[in-house]
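Structure first, commentary second.
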Amino acid sequence: MAVRTPTLLLLVLLSGCQSSNPYTASHLPYPPPPREAAALPVDPGSYPATPRDFGQYRNWQWAAAVDEPLAGIVAAELDQRGLRPATAQSPATLRVHAQQRSVTRQQQVYDDPYFGAGYGYYRHHYGYWGGSGYPLVRTITYRVEEVQVELFDAHSGERVWSGSGEAESGRARDDSLRRAVRQALDGFPPP
């Protein structure tokens, strides 16, 4: 009896699969779309954007006031990329917005006591290993210069490029800014 019940249940389930298929194949063409659908506007988000021609951008001007060290560094980097400051004879095709800030960051560094602390074999002299067997944790504080550069089309106002960069501040702040601006403009103009 224990074997007959599952077998009967299986046969009942299989008999339910033997019904006719209500869907039949036909070779009729699709009906034409309704006339109202053709009058709908095209959705611009459904198509990829046309590639931007960065060769049209030749001259630039500031979109807002920029501090002097940063302004000179950004101008030099744009000059290396073939962009010149706008003049009366050649109006601006790009507007440049750049901002900079100094940030203090902290990082924890773990030193292995067996390889970095205590005494040991040093130039043919033996010593004692000191300290504990636990890793030594140090907190390092350092300053970073962060730079954000945005380029806008002068005619439409649309943002065409945005980049950011950062560099650890050394003794010469201008060198840190230069590295951060170079990183922010890395890849401009795109191929």
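Remark: C-alpha extents of the range 42-106 on the principal axes read 48, 45, 21 Å, sorted largest to smallest.
Of the listed peptides 59-71, 145-157, what is their order by residue-averaged count of other C-beta atoms within 10 Å, with the highest listed first? Present the calculation step by step, with values, prior to reporting the outcome.
Values: 59-71: 14.2, 145-157: 17.5.
Top to bottom by mean Cβ count within 10 Å: 145-157, 59-71.
Centroid-to-centroid, using Cα positions, the range 65-111 and the range 136-169 are 9 Å apart.
No value in this document is a laboratory result; all are computed from the given coordinates. For clarity, every value in this text was computed on a predicted model and none was experimentally measured. Please note: Cβ atoms are built from the backbone with ideal geometry, for glycine as well, and neighbour counts cover all protein chains shown.
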